[in-house]
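One structure is given below, encoded as structure tokens.
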Amino acid sequence: MYKTHTCGEVNVSHIGQSVTLAGWVHRIRHHGGMLFLDLRDRFGLLQIVADGARSPAAFQQLAEVRPEWVIQVQGRVERRPPGTENPSLPSGEIEVLAENVRVLNPSRPLPFPLEERKGKSIDESLRLKYRYLDLRRARLQRNLELRHRVVLFIRNYLAERGFLEIETPILFKATPEGARDYLVPSRLYPGHFYALPQSPQQLKQLLMIAGIERYFQIARCFRDEDQRGDRQPEFTQLDLEMAFVEREDILNTVEALFTELITRLAPHKRLLTVPWPRLSYHEALLRYGSDKPDLRFGLELQDLTECFREADFIPFRAALQSGGSVRCLRLPPSSGWGRAQQNTAEKMLLEQGYIPLVLIRTESGWSGNSLARRMNETLRQRLLERLQPQVGELCLIVAGETFAVSKALGNVRLWLRDALKLAPPDVLAFAWVVDFPMFEWNAEEGRWEAAHHPFTRPRPADPELLERAPQELLSEAYDMVCNGYELASGSIRIHESDLQRRVFRVLGLSEAQIQQKFGHLLEALDFGAPPHGGIAPGIDRLVMLLADEPNIREVIAFPKNQAARDLMADAPSPVEERQLRELHLKIENSQEKK
């Protein structure tokens, strides 16, 4: 056998015993006639000692090895001499005196060091090209282990509560669900395509119609969309669906799951509030300038519309006359802001199309930018009475369409969070955002779009209002947010075929398009579909937050880069002409072929 023990399990109870170990050479230190080597496997680190006088053959063999060689060591466990213990290692009280050594495989010099060095980073492109080496690093191994424990906890938790884990197809049908599909051409049916699932949305609804009632899956999903730090072309989500439920049933189930998961698996984190707060979509935008607000710090936006409407402040007059509002972001002196942060915040607002009124509270009143000098005394006093600011407080005030200016200030709020380190890193501030609009108007295409997805139930489920005033409808959709990230979206679904068909019509689909894209679902809804709903929390983003990582690539074994390329395998890549002919495809204007 290659090993009798792992490097992580040998301890003081094994002193005097002979053990056989195998792993990677982590570090080597030569001290004259003594050689010290740290042997590493997935389970830990263990010091190996070769004494030139006591075991000359093993000493000679270990003198030739290099970092990351794979070796096998047989030796005796001994207590370290007094004063040489390493309290930072679980195995720090012992060492293994090498008696026999076998090189299982040498290693070429590595393209980058595996040890983490403070203040020094390795180019991510290099790390992703040699991802199998990157994954040997302790931090990434901890991340993958954490991910494993999160998924295992979810599986056990839901199974104990009557959920069935059921796999759904990867090859399915192209349907409009908000992002571009990855298409798979069919060899047997020329000109026809499968699509990789953006989510198992229709399939989990069909499982409810099938009578499963409680379903979940650790589902792989695929979306051809632009990349960013918390996004990948393929990702993993907890897909969950329940029958005979209302919104509160789903929210309570998922909140209990995640609350217990954090408590068990992430004791270094603390939940800001339990139970989680509920915010309406409109409330979240007005208070925080985002529909996925970070609640770990203050700086809530405030409404100053009436102060400025009554004072007739000329720079804001046009915005107010067109039905807009005046919104304010306040920075107390205790936040640590300075001139640099003020200048950057002003620049950010200007880049978003708004000229801000910048006010600083002084002992005698207000000072600020050029707009501040255009305030009359009445407005100055109204703002002092309305805001009651501290001396040294900064106020950033903008006017415009209500939600647009709120989002602009929300962007500044998040930048200030990072620049001034306002959010405690050990806190997880979960919240539910509810009462989303049912539809959004696409001005460019002149049509309504589903704000969530087209299977979401409108509230109220009124066919007459649906067709007469779709802009007035809210939906039974909900988001789970945490620390400024959207961790999950879900909704109560439409379970009546007539209502579902009417929603498709509002979205501008013809009867032929409805039948071609969704005929199978509409038919299924006519066979006794129960009321049902679900949610899909992202596993990658959750683990990213728990591991304190800056992006989800650090918690995925083999991620794509920000350009959606696999640098390790050099994918996507061209294929042979023979394969294209079999799939009845022809490449035009391909840069690769040139």
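The values are calculated or read from the model by the stated rules, or taken from the named source; none is laboratory data. Just so it is clear, the structure is predicted and the values come from calculations on it, not from any experiment. Here the Cβ is made from the backbone with ideal geometry for all residues, glycine too, and neighbour counts use every protein chain on show.
Being among the acidic types (Asp, Glu), modelled with pLDDT of 95 or more and outside the structural domain of residue 212 (by TED's automatic domain parsing) is a condition met by at least one residue of segment 278-288. For the structure I just gave you, tell me whether residue 343 is farther than 30 Å from residue 436 by Cβ, surrounded by fewer than 18 Cβ atoms within 10 Å (Cβ to Cβ) and either in contact (Cβ under 8 Å) with a residue 12 or more places away in the chain or not assigned by TED's automatic domain parsing to the domain that holds residue 331 (or both). No; evaluated as a whole, the condition is false for this residue.
List the helices (runs of 4 or more DSSP H) that sit entirely inside segment 121-183 and contain at least 3 residues that are among the aliphatic types (A, V, I, L, M) and within 18 Å of residue 538 (Cβ to Cβ).
Fully inside segment 121-183 and qualifying: 138-159.
Residue pairs whose Cβ atoms lie under 6 Å apart, sitting 6 or more positions apart in sequence or on different chains, and linking a residue in segment 265-279 that is more than 14 Å from residue 296 (Cβ to Cβ) to a partner that is among the charged types (D, E, K, R) and surrounded by 13 or more Cβ atoms within 10 Å (Cβ to Cβ), are 265/149.
Check segment 284-292 and report whether any residue there is touching an Asp or Glu at 6+ places or on another chain (Cβ under 7 Å) and small (Gly, Ala, Ser). Checked segment 284-292: at least one residue is touching an Asp or Glu at 6+ places or on another chain (Cβ under 7 Å) and small (Gly, Ala, Ser). Within segment 106-132, restricting attention to residues that are in contact with a Leu (Cβ under 9 Å, 6 or more places away or on another chain) and free of Cβ contacts under 8 Å to residues at least 40 places away in the same chain, the residue that is surrounded by the fewest Cβ atoms within 10 Å (Cβ to Cβ) is 111. Checked across segment 569-584, the condition of being under 30 Å from residue 478 (Cα atoms), of a type outside the set (Phe, Trp, Tyr) and assigned to a loop (DSSP other than H, G, I, E, B) holds for no residue.
Going residue by residue through segment 400-408, is there one that turns out to be β-branched (Val, Ile, Thr) and buried (at least 17 other Cβ atoms within 10 Å of the Cβ)? First the steps, then the outcome.
Taking segment 400-408 and keeping what is β-branched (Val, Ile, Thr), we get 402, 405.
From the residues that got through so far, the ones that are buried (at least 17 other Cβ atoms within 10 Å of the Cβ) too are 402, 405.
Checked segment 400-408: at least one residue is β-branched (Val, Ile, Thr) and buried (at least 17 other Cβ atoms within 10 Å of the Cβ).
Could you please let me know if residue 260 is touching a residue at least 40 places away in the same chain (Cβ under 8 Å), farther than 30 Å from residue 583 by Cβ, in the same structural domain as residue 492 (by TED's automatic domain parsing) and not in a helix (DSSP H, G or I)? So residue 260 fails the test.
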